[in-house]
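Just below is one structure, and these are the notes that go with it.
The values are calculated or read from the model by the stated rules, or taken from the named source; none is laboratory data. These numbers come from a predicted model, not from an experiment. Heads up, the Cβs are rebuilt from the backbone with ideal geometry, glycines too, and the neighbour counts pull from every protein chain shown. Note: areas computed on protein heavy atoms with side chains; ligands, DNA, RNA excluded. Shrake-Rupley method; radii C 1.70, N 1.55, O 1.52, S 1.80 Å.
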Amino acid sequence: MLRIFIKNNLTKCLLIFLYLIFQIINLSPNLSDSIENNLLGKRVNKNARWFGNKSVLPSTPIIIMAGHADSQNIPGAGTRGEAVGLKGLQSMDLTMTDELFWNLKIRDAVVKVGKEHGLDISSYEPGVRSIVDENHPKTNWSAGARYAAQGLYVLEIHFDSYGVDGLGAGLIPPITSNLNNIDESLAQNFGRYPLFFRGGLGAARRQIRILEIGKLEGNLERNLRDIKTRENTIYQIAFLIVESIKKGINNELFLNPLLQEGDIFLRGSYQQTNPEAL
Ligand SMILES: [Zn+2]
């Protein structure tokens with residue numbers, strides 16, 4: 001009888017122990033999720049291990065685009081942001097989502113600051129806010145694909161969704177084996193999304209880089225909306241992007257030369273200094 005009692009309790013203890021272990025394992029991604037950046041908020045926390053190791057000509061022209069600039073009032077218009085979506089505040093501009101409103105501000109600031117820092121940089125403006133056919137020649141995707149095919153570096157600015165939907169700041173790389181030093185630099189400063197993120201987004205398939213500045217919520221959104229901090233916040237974000245591009249162009253990066261066990265990789269996305277490992 002006593003034996004059965006002890007055996008039953010041991011089983012219970014074992015089950016409780018296993019349950020606790022499971023909870024700890026379950027919690028651990030959330031712990032690293034909490035990596036915060038004062039300016040941008042949470043960074044993406046996905047197991048992304050690519051490296052942009054191809055050098056870029058310092059004269060490479062840069063094109064900056066505003067995400068969703070061609071898709072207002074149709075699916076894919078961008079996030080409304082926490083202020084509008086959850087708190088019921090007024091949109092920044094009734095003709096567009098708050099994401100596009102800020103994407104445009106950041107796009108123009110990056111071009112301005114970039115020119116001041118000597119980059120060959122310009123913006124692309126589709127000129128029409130609602131283009132239903134994604135393959136229309138004026139869409140960001142079509143124009144971006146044309147520029148990228150000519151060897152220009154095409155970067156599309158985005159803010160990620162608020163609440164449970166968004167993943168955080170980071171660069172979504174294009175689908176290519178030629179990830180370069182600008183990609184690497186942006187990923188180091190903002191965060192790193194995996195290759196083939198969501199099966200390879202439309203932009204990624206067209207060699208357009210997507211930069212998620214951060215989730216449109218919390219401090220980041222408050223600092224953008226507050227007229228006292230807006231200008232400085234936009235400038236700081238633009239400066240960080242320009243600094244990242246400059247570092248990438250000038251090859252001032254530290255790259256991990258080793259392929260780690262279990263990595264999912266594109267051959268060309270690793271440093272070539274250790275060809276044996278590939
Ligand atoms: Zn977006």
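Couple of notes before you dig in:
- Amide H contacts of L89 (H built 1.01 Å from N, in plane; Pro and chain starts excluded): V84 sit under 5 Å, all sequence-distant by 5 or more or on other chains.
- 3J(HN,Hα) couplings calculated from phi for the stretch 205-214 with the Karplus curve 6.51 cos²θ - 1.76 cosθ + 1.60 (θ = phi - 60°) are, in sequence order, 5, 9, 6, 9, 7, 10, 10, 7, 5, x Hz; Gly and Pro show x.
- Residue list for the stretch 54-77, given a label point 7 angstrom along the Cα-to-Cβ vector of Q150 and an amide N cut-off under 18 Å: 57-66
- Karplus-derived HN-Hα couplings along the stretch 244-250 (A = 6.51, B = -1.76, C = 1.60, θ = phi - 60°), whole Hz, x at Gly and Pro: 4, 4, 4, 4, x, 5, 8
- Modelled label reach - D120, point 7 Å along Cα→Cβ, the stretch 138-166 residues with backbone N closer than 16 Å: 147-155
- Per-residue extension of 0.36 nm, minus the Cα-Cα distance of V164 and N135, leaves a gain of 7.4 nm for this segment.
- Violating pairs (Cα-Cα greater than 25 angstrom) within the set K46/K138; K115/K215; K87/K228; K115/K247: K46/K138; K115/K215
- Full extension of the chain segment joining E243 with I175 gains 22.1 nm, where the gain is 0.36 nm per residue of separation less the Cα-Cα distance.
- Each 5 Å bin from zero holds the following percent of Cα-Cα pairs in the stretch 73-231: 2, 8, 16, 22, 22, 17, 10, 3, 0.
- Accessible carbon and sulfur surface of the stretch 51-249 relative to its total accessible area, %, 1.4 Å: 52
- Under 5 Å from the amide H of N37 lie the amide H atoms of K42, R43, each residue being 5 or more positions distant or on a separate chain, with H modelled from the backbone and absent for Pro and chain starts.
- Per-residue HN-Hα couplings for the stretch 179-186 [Karplus 6.51, -1.76, 1.60; θ = phi - 60°; Hz; x = Gly/Pro]: 5, 10, 5, 5, 4, 4, 5, 5
- Put simply, the amide H of M96, placed in the peptide plane, has no neighbours under 5 Å, leaving out anything fewer than 5 places away on its chain.
- The simple Förster model, with R0 at 41 Å and r as the Cβ-Cβ distance, assigns F196 and I227 a FRET efficiency of 0.50.
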